[in-house]
1. Testing residue 112 on (1) surrounded by fewer than 19 Cβ atoms within 10 Å (Cβ to Cβ); (2) modelled with pLDDT of 85 or more; (3) in contact with a helix residue (DSSP H, G or I) (Cβ under 9 Å, 6 or more places away or on another chain), one condition comes back false. Which one is that?
2. Consider region 158-171. How many of its residues are touching a strand residue (DSSP E or B) at 6+ places or on another chain (Cβ under 9 Å) and closer than 18 Å to residue 186 by Cα?
3. Looking at region 236-256, can you tell me whether even one residue there is modelled with pLDDT of 95 or more and touching a helix residue (DSSP H, G or I) at 6+ places or on another chain (Cβ under 7 Å)?
4. Of all strands (runs of 3 or more DSSP E) completely enclosed by region 481-557, which ones contain at least 2 residues that are touching a helix residue (DSSP H, G or I) at 6+ places or on another chain (Cβ under 6 Å) and farther than 19 Å from residue 655 by Cβ?
5. Tell me yes or no: at least one residue of region 25-37 is at pLDDT 95 or above, loosely packed, with under 13 Cβ neighbours inside 10 Å and under 30 Å from the mean Cα position of the chain (by Cα).
6. Those residues that are under 21 Å from residue 329 (Cα atoms) and assigned to a strand (DSSP E or B), I need them from region 402-443; list them, please.
7. With (1) closer than 23 Å to residue 406 by Cα; (2) surrounded by fewer than 17 Cβ atoms within 10 Å (Cβ to Cβ); (3) touching a strand residue (DSSP E or B) at 6+ places or on another chain (Cβ under 9 Å) as the list, and residue 341 as the residue in question, which single condition is left unmet?
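The values are calculated or read from the model by the stated rules, or taken from the named source; none is laboratory data. Everything numeric in this text was worked out from a predicted model, so none of it was measured. Glycine also receives a Cβ, built like all others from the backbone with ideal geometry; neighbour counts cover every protein chain displayed.
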């Protein structure tokens, strides 16, 4: 086996193209209406007196037109928060270009948005097309005729004019009418369209990075060595003897579905125990990228690394779900934070679920062994500005906070780009840690581009009490897209003595459903750890992309009910693709000006261990997992506790502006005369300054925040943790698998 690949002379990451599209995901007329909404979310902003005199009223209405005074005020805001520049004229041109930028004129945005649309499930896409057709004109692609929908437009907007013909001001009013509508579905439209608009702006703006100084490639980037993975390739293989025409058959001892964190640990354990006496085959439906590709760009990263192109909505649109869908799974895109399971969670599993193993020293030894392999440590962690705010603010308020250990073999992993892949190779997930060592020790092979459809079952074996046993898997392998092409698919059957299903909480239940497994808990008990967000603007520069992503946690509120349900407070990975998407949206101009303060921002979230749950079902048309989950009133109440505590932390740390991601709720803007508290001196570190916040304006604002609430679907929630859909149980009536995992 070759050693790690040699370091190349590249000066920037290798280019990664968008996954190919089968065709236009929506009709041209539907696209026109959708782009009219995108143009309202992040609009072109112009000075009224600079517009050509012969411009039509429609053309004038397609921009936000400001008076000279208003426009100069916008420029002043950009100037205050922009990256330093020695060329004032060039910087002025940059400011004006940023304000004038229009989504519908950005070809990269078109590609990104079409990629997002291509990942929407068919039923949901039909609903989207129906809404967009009611807002404008609909072109029936099957029958080739056109008809206007003025009645539908009136119903949804209060105007008989198609939305694309309305001014930006009127489109903004329509979006807010949806936000405040009594109809749940319309409130969901507000969240969906504004979230997507912010997301595509963050991913494709040509001027945001130059304006704020965000380095799209880390300044110290070099092409680091990567493990030389060799993936099985079936592109030239012929049908196996005795198999169906066009089907490839291969044989192994153990086949593992998935390549994420669970698969990595299992593969490593098997190789360490049995060495080359046991053949292990790891199957991944996504693609492998080595360190020379990382970090992937803002434009293409989500599309290439995440499930559903990075935009999976729950069925009601209340939560955006993010899950890894590349080689290494979530271990490739997570932020290197490593926290062990709390005692109250282990107690629940052991006593309520009747799985006593989780309260034993043996389970603790398992956790410690995993930490040992990854070199988990907090010894070299140096918090960046955002994480330091949490630690210091919590101390002032008497909250419990701690440094979060990182899985980087004790190295100081100060990489704010890590959410798009670890270019340094320090993050010891499956790709950099578990799989390479397993390959060195054992007979382990890998397949990328292999979507497993089902587990195959064979005859009953003795000693299995008459039960059928798994004898392999079947699925479809697709040649990964790249310079060599892509798109060729072949059917593959893998015969094996044992099958490990480790495809994550989204896909594992779907694979088992396809396999004929029936269990009352299959796909149920879905936990998402829902998150809510708050963004702070500071007077001084924060350069939020610098340093480690998530290195501190506030855990005073993690057990609010005494049963293990509550919230933690953490810092967000501050790549624009994440940070800007969770900014509140009041108007297009407000959003663009707030996004331009990125160099002075930090965004945080409260994350709930949810008491209540949802479920997964298999899409009847395309077979993908669909998520049914709405944050319950109980769990939202806990998240609101976290939001309030987070706002207090930001206040005592001197945040100039505090922006909760609560649509329709105003930010707190600190006056120049407001001090953080009227507290004792900072030397009284154990004083509960929570009680010493006496600013009446801030306290009144907090009361208003609590009264405003966080009801879905207008409120922005997100999830990066999916669990529970194949939970363990003492019996089949209590879980899908036993305490030993099958």
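1. Against the list (1) surrounded by fewer than 19 Cβ atoms within 10 Å (Cβ to Cβ); (2) modelled with pLDDT of 85 or more; (3) in contact with a helix residue (DSSP H, G or I) (Cβ under 9 Å, 6 or more places away or on another chain), residue 112 comes up short only on (1).
2. Qualifying residue count for the region: 1.
3. Within region 236-256 (the criterion being modelled with pLDDT of 95 or more and touching a helix residue (DSSP H, G or I) at 6+ places or on another chain (Cβ under 7 Å)), the answer is yes, since at least one residue qualifies.
4. Numbers: elements: 489-495, 498-501, 531-537, 552-554.
Qualifying strands (runs of 3 or more DSSP E): 498-501.
5. Scanning region 25-37, I find no residue that is at pLDDT 95 or above, loosely packed, with under 13 Cβ neighbours inside 10 Å and under 30 Å from the mean Cα position of the chain (by Cα), so the answer is no.
6. Passing the criteria: only 406.
7. (3)
For (1) within 17 Å of residue 291 (Cβ to Cβ); (2) in the same structural domain as residue 541 (by TED's automatic domain parsing); (3) within 27 Å of the chain's Cα centre (by Cα); (4) free of Cβ contacts under 8 Å to residues at least 12 places away in the same chain, each residue gets a yes or a no:
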site	(1), (2), (3), (4)
365	no, no, no, yes
377	no, no, yes, no
395	no, no, no, no
402	no, no, yes, no
408	yes, no, yes, no
426	yes, no, yes, no
